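Trainee: Let me give you the structure first, and then I'll get to my questions.
The values are calculated or read from the model by the stated rules, or taken from the named source; none is laboratory data. Owing to the predicted nature of the structure, the values given are computational and were not obtained by experimental measurement. Every residue, glycine as well, gets a Cβ built from its backbone with ideal geometry; the counts of neighbours run over all protein chains shown. Side chains are part of the model used for accessible areas, which takes the heavy atoms of the whole protein and leaves out ligands, DNA and RNA. Shrake-Rupley method; radii C 1.70, N 1.55, O 1.52, S 1.80 Å.
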Amino acid sequence: MRKYKKLLGMILAASLAGASMAGCGGSSGGSQESAENTGSESAGSSQADVKAPGNEESAAENPGNSAAEAGTSGAAEGDTRIVVDHTGREIEIPAQIDRIVISSILPLPSVYCLFEGSAEKLVGIHPSSMAAAQNSILPKVVPDIVDVNTDFLQGDEINVEELLKLDPDVVFYSADNTAEYEKLTAAGIPAVGFSTSNWDYDCVATFENWVKLLGEVLQQQDKAAGIADYGYEVYDEIQTVLNEAGDDLERPKALILFHYGEGTMRTSGSNFFGQYWLDSSGAVNVAESLSGTPEINMEQVYEWNPDIIYITNFSSYLPEDLYSNTIEGDDWSPVKAVQEGQVYKFPLGMYRWFPPASDTPLVLKWLAQKNQPELFADIDMEQEVRGYYERFYNVSLTDEDVNQIFHPAREAAGGN
């Protein structure tokens, strides 16, 4: 199949090389957040049967485990099989998968590396995924992630000729990116879509279903199931505390600066991850009446006057930039969150803490403590992070590691 794929791809590459890839759903302007904001609505939302968090066979707890149990080592060259991806399409893939590219589904390389225990089969990832990896804790667990190729993408557009040089057996892409699917398929490359939206932007359910699909493609057990189980457990614990507070609960007004830079400010409205995070952790999303990742301006911010502001790692700005009021063209000094010192940067552990990722249970705790400090005063986030990394990644964090997680570098934004 690989010989056929390469031949077909070379025939079509010339005609495709100049084609412009259509923008992804969820935002305008071609900004990188669109890759995070896409996912097909056509696939079902059933959840996988998962193992208990304490399962000793989980590779999420033992990331050094190899893929020797994959069950594909006996496949003959040219053999294929069918998987159903998150678009609902039946995708023909090689029975033996040795070379994987992950393109527009930006958090997936970190999830894949922790699922597989290495980046050995990973031959290409998005430059933005690489920027996050280089400034994260992931290389501490999977050092070879930083050696993976990123040259097949210029901005958000795939260069087919460069991609074919990587000789991928399969490409994982963001399921709503129809233009990318068509481009990959025309080049003879099997393309498996991973959705961000099939589960209503529930970050735990989305992570769980990514892992389930990885298991089906790679013919392995759901190694990271313990993380999803624990995520549901944390979510339920937080909801219990919030519900017990009843009508006395005062939810702060929160603004998420999802993508902020180069004169553009985008927030996270309803129908995106920010709504899930704030609903789940005891805050009100000031942008709930807007959908997706809409562009906003300072006049809108003044009208909302949020109590708390969160900045994601898709922006290079840090809280001190708002406190010092040094962002050209925007005056943050009148905003309540700035005046009261309630501006926070999302941490970055194995990946950016805003989209679904393997650190998702930690994000729920971190936000709950920020939004409802009295209700969750007993949470020691430093100890939570240390214990979580020991449990699921078999990693002992140093003080420097912990500081890096909670104070991510500007460079983690990459080209966003």
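Trainee: With a probe of 1.4 Å, find how much accessible area segment 194-328 has per residue, and write the answer as a whole number in Å².
Mentor: Here the per-residue accessible area is 36 Å².
Trainee: Sort Thr264, Thr326, Thr178 by heavy-atom solvent-accessible area, probe 1.4 angstrom, most to least. Write out the running numbers ahead of the final one.
Mentor: On the way: Thr264 40, Thr326 90, Thr178 65 Å².
Descending order: Thr326, Thr178, Thr264.
Trainee: Roughly how many Å is it from the Cα centre of segment 142-205 to that of segment 223-239, as a whole number?
Mentor: 28 Å
Trainee: Please state the equivalent ellipsoid semi-axes for segment 97-177: what are the square roots of 5 times the Cα gyration tensor eigenvalues, largest first, in whole Å? Before the final figure, lay out the partial values.
Mentor: Working: eigenvalues 70, 37, 27 Å².
Semi-axes, largest first: 19, 14, 12 Å.
Trainee: Also, quick follow-up: Report the equivalent ellipsoid semi-axes for segment 295-416 in whole Å, largest first, defined as the square roots of five times the eigenvalues of the gyration tensor built from alpha carbon atoms.
Mentor: Equivalent ellipsoid semi-axes, largest first: 28, 17, 12 Å.
Trainee: Continuing with the same structure: How about segment 290-334: which GluC sites (Glu not before Pro) there are in a DSSP loop, with at most 14 other Cβ atoms within 10 Å of their Cβ?
Mentor: Qualifying residues, ordered by number: Glu328.
Trainee: Turning to a different aspect of this structure: Run through segment 326-389 and list the trypsin sites (Lys or Arg not before Pro) located in a DSSP loop whose Cβ has at most 14 other Cβ atoms within 10 Å. Write down the numbers at each step before the final one.
Mentor: Working: sites: Lys336, Lys345, Arg352, Lys365, Lys370, Arg386; in loops: none.
For trypsin sites (Lys or Arg not before Pro) across segment 326-389 that sit outside H, G, I, E and B with at most 14 neighbouring Cβ atoms in 10 Å, the list is empty.
Trainee: Quick one: which of Lys212/Lys365; Lys345/Lys365; Lys121/Lys345; Lys165/Lys212; Lys121/Lys365 span more than 26 angstrom between C-alpha atoms?
Mentor: Details: Lys212/Lys365 24 Å; Lys345/Lys365 15 Å; Lys121/Lys345 33 Å; Lys165/Lys212 29 Å; Lys121/Lys365 33 Å.
Check vs 26 Å cut-off fails for Lys121/Lys345; Lys165/Lys212; Lys121/Lys365.
Trainee: Which percent of the accessible heavy-atom area of segment 170-320 goes to carbon and sulfur, probe 1.4 angstrom?
Mentor: With neighbouring chains kept in place, the figure for segment 170-320 is 42 percent.
Trainee: Taking a probe of 1.4 Å, how large is the accessible area per residue of segment 340-415, in Å²?
Mentor: Working: 2880 Å² over 76 residues.
Value returned for segment 340-415: 38 Å² of accessible area per residue.
Trainee: Which GluC sites (Glu not before Pro) from segment 235-277 combine a DSSP loop assignment with at most 14 other Cβ atoms within 10 Å?
Mentor: When the GluC sites (Glu not before Pro) of segment 235-277 are filtered for loop state and at most 14 Cβ neighbours within 10 Å, Glu250, Glu262 remain.
Trainee: Here is a further query. With θ taken as phi - 60° and the coefficients 6.51, -1.76 and 1.60, list the Karplus ³J(HN,Hα) couplings across segment 308-324 in order, rounded to whole Hz; mark glycine and proline as x.
Mentor: Result, rounded to whole Hz: 9, 10, 10, 10, 7, 8, 8, 10, 7, 5, 10, x, 4, 5, 6, 4, 7.
Trainee: Extent of segment 189-291 along each principal axis, from alpha carbon coordinates, in Å, largest to smallest?
Mentor: Principal axes ranked by extent give 49, 41, 19 Å for the Cα atoms.
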